[in-house]
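Trainee: One structure coming up, written as C-alpha coordinates, with questions to follow.
The values are calculated or read from the model by the stated rules, or taken from the named source; none is laboratory data. Since the model is a prediction, treat every value here as computed from it, not as a measurement. Heavy atoms of the whole protein, side chains included, go into the accessibility calculation; ligands, DNA and RNA do not. Shrake-Rupley method; radii C 1.70, N 1.55, O 1.52, S 1.80 Å.
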Amino acid sequence: MLPHVTDDAFEKYVRGTGMATDEQLQAAKKRQADGGIDSLGEALMRMNVITPTQRETVEKKIEAQKTTGSEIGGYRILRKLGEGGMGAVYLAEDHGNARKVAVKVLPRKHAKDLDFLKRFNRECQAAIQLDHPNIVQGYCSGEDKGYHFFVMQYCEGESLRKR
(Lines give C-alpha, C1' and ligand atoms only; values in the text may rest on other atoms or scores of the structure.)
Protein backbone atom coordinates (compact mmCIF):
# COMPACT_ATOMS: atom_id res chain seq x y z
CA MET A 1 0.00 0.00 0.00
CA LEU A 2 1.03 3.65 -0.45
CA PRO A 3 3.95 2.96 -2.79
CA HIS A 4 6.39 5.69 -3.77
CA VAL A 5 5.09 7.95 -6.55
CA THR A 6 6.73 7.03 -9.85
CA ASP A 7 7.98 9.56 -12.37
CA ASP A 8 5.48 8.21 -14.91
CA ALA A 9 2.55 8.79 -12.55
CA PHE A 10 3.85 12.26 -11.67
CA GLU A 11 4.28 13.16 -15.36
CA LYS A 12 0.81 11.91 -16.25
CA TYR A 13 -0.75 13.96 -13.44
CA VAL A 14 1.05 17.26 -14.13
CA ARG A 15 0.52 16.90 -17.89
CA GLY A 16 -3.17 16.08 -17.40
CA THR A 17 -3.78 19.03 -15.11
CA GLY A 18 -1.74 21.45 -17.21
CA MET A 19 0.75 22.15 -14.43
CA ALA A 20 3.62 21.53 -16.87
CA THR A 21 3.92 21.66 -20.64
CA ASP A 22 5.48 18.94 -22.78
CA GLU A 23 8.53 21.14 -23.26
CA GLN A 24 8.93 21.68 -19.51
CA LEU A 25 8.57 17.95 -18.86
CA GLN A 26 11.21 17.09 -21.46
CA ALA A 27 13.59 19.69 -20.02
CA ALA A 28 12.97 18.35 -16.51
CA LYS A 29 13.70 14.78 -17.62
CA LYS A 30 16.95 15.92 -19.22
CA ARG A 31 17.91 17.86 -16.11
CA GLN A 32 17.03 14.85 -13.97
CA ALA A 33 19.27 12.56 -16.04
CA ASP A 34 22.15 15.06 -16.28
CA GLY A 35 22.07 16.32 -12.72
CA GLY A 36 21.49 13.14 -10.76
CA ILE A 37 18.13 14.42 -9.49
CA ASP A 38 16.07 11.68 -7.83
CA SER A 39 12.62 12.45 -9.21
CA LEU A 40 10.77 14.29 -11.93
CA GLY A 41 8.92 16.27 -9.28
CA GLU A 42 12.22 17.45 -7.81
CA ALA A 43 13.49 18.47 -11.27
CA LEU A 44 10.31 20.46 -12.02
CA MET A 45 10.59 22.12 -8.63
CA ARG A 46 14.23 23.10 -9.18
CA MET A 47 13.23 24.60 -12.54
CA ASN A 48 10.54 26.67 -10.74
CA VAL A 49 7.79 25.05 -12.82
CA ILE A 50 6.05 23.89 -9.64
CA THR A 51 6.42 24.86 -6.00
CA PRO A 52 7.38 22.48 -3.17
CA THR A 53 3.76 22.64 -1.95
CA GLN A 54 2.46 21.72 -5.40
CA ARG A 55 4.87 18.79 -5.58
CA GLU A 56 3.74 17.50 -2.20
CA THR A 57 0.07 17.93 -3.13
CA VAL A 58 0.50 16.05 -6.41
CA GLU A 59 2.33 13.21 -4.66
CA LYS A 60 -0.38 12.94 -1.99
CA LYS A 61 -3.14 12.89 -4.61
CA ILE A 62 -1.39 10.18 -6.61
CA GLU A 63 -0.82 8.08 -3.48
CA ALA A 64 -4.46 8.53 -2.43
CA GLN A 65 -5.59 7.25 -5.85
CA LYS A 66 -3.34 4.22 -5.53
CA THR A 67 -4.62 3.20 -2.11
CA THR A 68 -8.24 2.67 -3.16
CA GLY A 69 -8.86 -1.06 -3.49
CA SER A 70 -5.58 -2.03 -1.82
CA GLU A 71 -5.33 -3.89 1.45
CA ILE A 72 -3.50 -3.54 4.73
CA GLY A 73 -3.65 -6.10 7.51
CA GLY A 74 -6.62 -7.83 5.85
CA TYR A 75 -8.68 -4.65 5.56
CA ARG A 76 -9.67 -3.43 2.07
CA ILE A 77 -9.17 0.32 1.63
CA LEU A 78 -12.24 2.08 0.23
CA ARG A 79 -11.22 5.76 0.38
CA LYS A 80 -9.15 8.30 2.27
CA LEU A 81 -10.98 10.10 5.07
CA GLY A 82 -8.32 12.54 6.21
CA GLU A 83 -4.76 13.13 7.28
CA GLY A 84 -3.10 14.42 10.42
CA GLY A 85 0.22 14.58 12.22
CA MET A 86 0.42 10.82 12.81
CA GLY A 87 -0.68 9.65 9.39
CA ALA A 88 -3.63 9.20 7.08
CA VAL A 89 -6.98 7.67 8.00
CA TYR A 90 -8.84 5.49 5.51
CA LEU A 91 -12.32 4.05 5.35
CA ALA A 92 -11.86 0.31 5.00
CA GLU A 93 -13.86 -2.87 4.96
CA ASP A 94 -13.25 -5.54 7.58
CA HIS A 95 -13.61 -8.82 5.64
CA GLY A 96 -13.94 -10.96 8.77
CA ASN A 97 -16.79 -8.99 10.34
CA ALA A 98 -18.37 -7.45 7.21
CA ARG A 99 -18.25 -3.95 8.67
CA LYS A 100 -16.71 -0.62 7.81
CA VAL A 101 -13.77 0.51 9.93
CA ALA A 102 -11.38 3.44 10.03
CA VAL A 103 -7.70 2.55 9.57
CA LYS A 104 -4.98 5.00 10.58
CA VAL A 105 -1.74 4.32 8.71
CA LEU A 106 1.57 5.65 9.95
CA PRO A 107 3.81 6.83 7.08
CA ARG A 108 6.94 4.71 6.57
CA LYS A 109 9.19 7.70 7.25
CA HIS A 110 7.76 7.90 10.78
CA ALA A 111 8.09 4.15 11.34
CA LYS A 112 11.87 4.58 11.13
CA ASP A 113 11.75 7.04 14.05
CA LEU A 114 11.61 4.82 17.13
CA ASP A 115 10.27 7.57 19.41
CA PHE A 116 7.48 8.36 16.93
CA LEU A 117 6.68 4.66 16.56
CA LYS A 118 6.52 4.22 20.35
CA ARG A 119 4.13 7.20 20.61
CA PHE A 120 1.93 5.75 17.85
CA ASN A 121 1.82 2.34 19.55
CA ARG A 122 1.01 3.95 22.94
CA GLU A 123 -1.89 5.82 21.32
CA CYS A 124 -3.16 2.57 19.78
CA GLN A 125 -2.98 0.59 23.02
CA ALA A 126 -4.63 3.38 25.04
CA ALA A 127 -7.49 3.68 22.56
CA ILE A 128 -8.04 -0.10 22.47
CA GLN A 129 -8.41 -0.16 26.27
CA LEU A 130 -10.99 2.64 26.36
CA ASP A 131 -14.66 1.70 26.34
CA HIS A 132 -17.14 4.58 26.43
CA PRO A 133 -20.17 5.44 24.26
CA ASN A 134 -18.72 8.88 23.44
CA ILE A 135 -15.29 7.61 22.36
CA VAL A 136 -14.48 5.77 19.15
CA GLN A 137 -13.67 2.14 19.94
CA GLY A 138 -10.19 0.94 19.04
CA TYR A 139 -10.08 -2.60 17.67
CA CYS A 140 -6.49 -3.59 16.94
CA SER A 141 -3.13 -2.45 15.63
CA GLY A 142 -0.43 -4.12 13.61
CA GLU A 143 2.19 -3.91 10.88
CA ASP A 144 1.85 -4.98 7.25
CA LYS A 145 4.18 -4.43 4.28
CA GLY A 146 6.31 -2.08 6.38
CA TYR A 147 3.34 0.06 7.44
CA HIS A 148 2.09 0.33 11.00
CA PHE A 149 -1.66 0.74 11.33
CA PHE A 150 -4.44 1.14 13.87
CA VAL A 151 -7.99 -0.10 13.23
CA MET A 152 -10.89 1.65 14.93
CA GLN A 153 -14.63 2.08 14.82
CA TYR A 154 -15.91 4.09 11.84
CA CYS A 155 -18.56 6.67 12.72
CA GLU A 156 -20.52 8.19 9.87
CA GLY A 157 -21.33 11.88 9.99
CA GLU A 158 -19.74 15.22 9.39
CA SER A 159 -16.18 15.93 10.46
CA LEU A 160 -15.40 18.01 13.51
CA ARG A 161 -13.73 20.58 11.22
CA LYS A 162 -16.94 20.90 9.20
CA ARG A 163 -19.06 21.10 12.36
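Trainee: Of LYS29/LYS109; LYS60/LYS104; LYS118/LYS162, which pairs sit farther than 23 Å apart, going by alpha carbon to alpha carbon?
Mentor: As for pairs spanning more than 23 Å Cα to Cα, those are LYS29/LYS109; LYS118/LYS162.
Trainee: Could you tell me what percent of the accessible area of the chain is made up of carbon and sulfur, with a 1.4 Å probe and every protein chain present?
Mentor: In the chain, the share of accessible area belonging to carbon and sulfur is 48 percent.
Trainee: Just the projected area, averaged over all directions, of the convex hull on the alpha carbon atoms of the stretch 65-163: how many nm²?
Mentor: Values: hull surface 27.0 nm².
It is 6.7 nm².
Trainee: Whole-Hz ³J(HN,Hα) for each residue in the stretch 75-81, computed from phi via Karplus 6.51 cos²θ - 1.76 cosθ + 1.60 with θ = phi - 60°, x for glycine and proline: what do you get?
Mentor: 10, 8, 6, 9, 6, 7, 9
Trainee: Have a look at HIS132, HIS95, HIS110 and tell me which one the Gaussian network model of the chain (Cα, springs below 10 Å) gives the largest fluctuation.
Mentor: HIS132
Trainee: Next question. At a probe radius of 1.4 Å, what is the per-residue accessible area of ARG79, in Å² to the nearest 10?
Mentor: About 120 Å², rounded to the nearest 10.
Trainee: Follow-up question, since we're still on this one. With a 10 Å cut-off between alpha carbons and a GNM built on the chain, which of VAL89, VAL14, VAL151 moves the most?
Mentor: The residue with the greatest mean-square fluctuation here is VAL14.
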